[in-house]
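Below is one structure, written out as structure tokens; comments come after it.
The values are calculated or read from the model by the stated rules, or taken from the named source; none is laboratory data. No experiment lies behind these values; they were computed from the predicted model shown. Please note: Cβ atoms are built from the backbone with ideal geometry, for glycine as well, and neighbour counts cover all protein chains shown. Accessible surface is based on the protein model in full, side chains and every heavy atom, while ligands, DNA and RNA are left aside. Shrake-Rupley method; radii C 1.70, N 1.55, O 1.52, S 1.80 Å.
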Amino acid sequence: MIEKLSTRAGFAAGAAVCAALLGFAYYLQYAKGLDPCPLCYVQRWFFYALMGVFIVGAVHAPRKGGALAYGVLAALVASGGAAAASRQVWLQHLPADKVPQCGPDIFFMMKNFPLGETLMKLVQGTGECAKVDWTFLGLSIAGWTLIWFVAFAIYALWLGVRQMRSASAAAAAASL
């Protein structure tokens, strides 16, 4: 069944899962009152970027090398998201005396700090990034986000590589 998945459907499925995860993040924020920390915003941006790559890949429906290029690009974006999620998971596991101080919220930083300083604070995270407000099966939101980004990186590479392999198999069969 999964081998018969078209490249277009594969990229569209990735975009749909990204949209669902972002929808759940907004549900937690607006329905459950969990305010995102700076690293949460960074991870959301990576989900948006990943969804964008998947959407373009679905619309383009590339063959051979194009599918591999989209797969590698999506895997790179997912790796960036995994790095941000890893940073937050690390902050969440620091001893209380090692957690950085809480800083201003992202909107204050964007309005009052230079862009470079704001981006640095976003990537480094603050004390509020170390707070765990929600868990499922023992993992925080950041832990689940890390798992999803790793899964997306593997899935994206699989989409690209399988298209290359199926094209090679079709060419070998045609030459017989």
*Qualifying positions in the stretch 119-175 - modelled with pLDDT under 90, among the hydrophobic types (A, V, I, L, M, F, W, C), open to solvent by less than 60 Å² (accessible area, probe 1.4 Å) and within 22 Å of residue 51 (Cα to Cα)*: 122, 142
*asked:* Just to verify a result, which residue in the stretch 35-49, among those that are hydrophobic (A, V, I, L, M, F, W, C) and open to solvent by less than 40 Å² (accessible area, probe 1.4 Å), is nearest to residue 108 (Cα to Cα)?
replied: 37
*Could you tell me whether the stretch 40-52 includes any residue that is over 30 Å from residue 161 (Cα atoms) and at pLDDT below 95?*
yes
*Are any residues in the stretch 69-109 assigned to a helix (DSSP H, G or I), at pLDDT below 75 and either in contact with a Cys (Cβ under 6 Å, 6 or more places away or on another chain) or surrounded by 14 or more Cβ atoms within 10 Å (Cβ to Cβ) (or both), and if so, which ones?*
92, 106, 109
*Identify, please: which residue in the stretch 4-40 is under 15 Å from residue 67 (Cα atoms) and in contact (Cβ under 8 Å) with a residue 60 or more places away in the chain and is, among those, farthest from the chain's Cα centre (by Cα)?*
7
_Only one of 53, 59 that is assigned to a helix (DSSP H, G or I), open to solvent by less than 50 Å² (accessible area, probe 1.4 Å) and of a type in the set (Val, Ile, Thr)_ = 53
